[in-house]
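Following: one structure in structure tokens, then a few remarks.
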Amino acid sequence: QVQLVESGGGSVQAGGSLRLSCAASGSIFSIYAMGWHRQAPGKQRELVARITTGGSPDYADSMKGRFAISRDYAKNTVYLQMNSLTPEDTAVYYCNANLRTSHSYTSRAYWGQGTQVTVSS
């Protein structure tokens, strides 16, 4: 019923930039928040950034000043601009959205399939 489709991952050298996109589609009634998590090999999934509808963005401390999250409300899309990338940023990046579908009275989290980001030194 709901799909989150990420794009924009890839390989980049240290110091470079990438921009991730995630579009939500399907029977969406309302989106309350969208964001990004990441999971590096052998590590737990961690929050990168999130933004609530009409609210200010939140970032993990290590991403502040380097990453910027934004939303296009009309397109149900969230973006993550990543600058000054380091090899430690190498991970699978997952889009997530807290939303309510037109078939439900409650909201829950939905996840994308993930997109690989690889930063080489």
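The values are calculated or read from the model by the stated rules, or taken from the named source; none is laboratory data. Because the structure is a prediction, the values reported are computed rather than measured. Using ideal geometry, Cβ is built from the backbone for each residue, glycine included, and neighbour counts are taken over all protein chains shown. With ligands, DNA and RNA removed, areas are computed over all heavy atoms of the protein, side chains included. Shrake-Rupley method; radii C 1.70, N 1.55, O 1.52, S 1.80 Å.
About its Cα centre, the dipole of segment 24-121 is roughly 220 debye, where the only charges are +1 on Lys and Arg Cβ and -1 on Asp and Glu Cβ.
Taking a ≥ b ≥ c as the square roots of the eigenvalues of the Cα gyration tensor of segment 74-121, is the shape rounded (a/c under 1.5), prolate (a/b larger than b/c) or oblate?
Prolate is the answer for segment 74-121, as a/c is 1.5 or above and a/b outweighs b/c.
Extension gain for the segment Ala14 to Asp58, taken as residue separation times 0.36 nm less the Cα-Cα distance, is 13.4 nm to one decimal. In the chain, with Lys and Arg counted as +1 and Asp and Glu as -1 at Cβ, which of these residues, Gln1, Gly54, Trp36, has the Cα nearest the positive end of the dipole, that is, farthest along it? The residue sitting most towards the positive pole is Gln1. Under the simplified labelling scheme, the Gln3-Glu46 pair shows an inter-label distance of 3.2 nm, with each label point 7 Å from Cα along Cα→Cβ. Of the peptides 91-102, 22-33, the ranking by mean beta-carbon count within 10 Å, highest at the top, reads 91-102, 22-33.
Ranking His103, His37 from most to least accessible surface, computed with a 1.4 Å probe over the protein chains only, gives His103, His37. Other residues lying with their Cβ under 15 Å from the Cβ of Ser56 contribute a combined charge of +2, Lys and Arg counting +1, Asp and Glu -1.
Just subtract the alpha-carbon distance of Thr118 and Phe29 from 0.36 nm times their residue separation and send over the number in nm, one decimal.
28.6 nm
Computed from backbone phi, the HN-Hα couplings of segment 33-38 come to 7, 9, x, 9, 10, 9 Hz, rounded to whole numbers (Karplus: 6.51 cos²θ - 1.76 cosθ + 1.60, θ = phi - 60°; Gly and Pro given as x). If you add up the charges near Val12, with Lys and Arg at +1 and Asp and Glu at -1, over every other residue whose beta carbon is less than 15 angstrom from its beta carbon, what do you get? Taking every Cβ under 15 Å from that of Val12, the sum is +1.
Over all other residues within a Cβ to Cβ distance under 15 Å of Gly114, the charged ones net out to 0, with Lys and Arg as +1 and Asp and Glu as -1.
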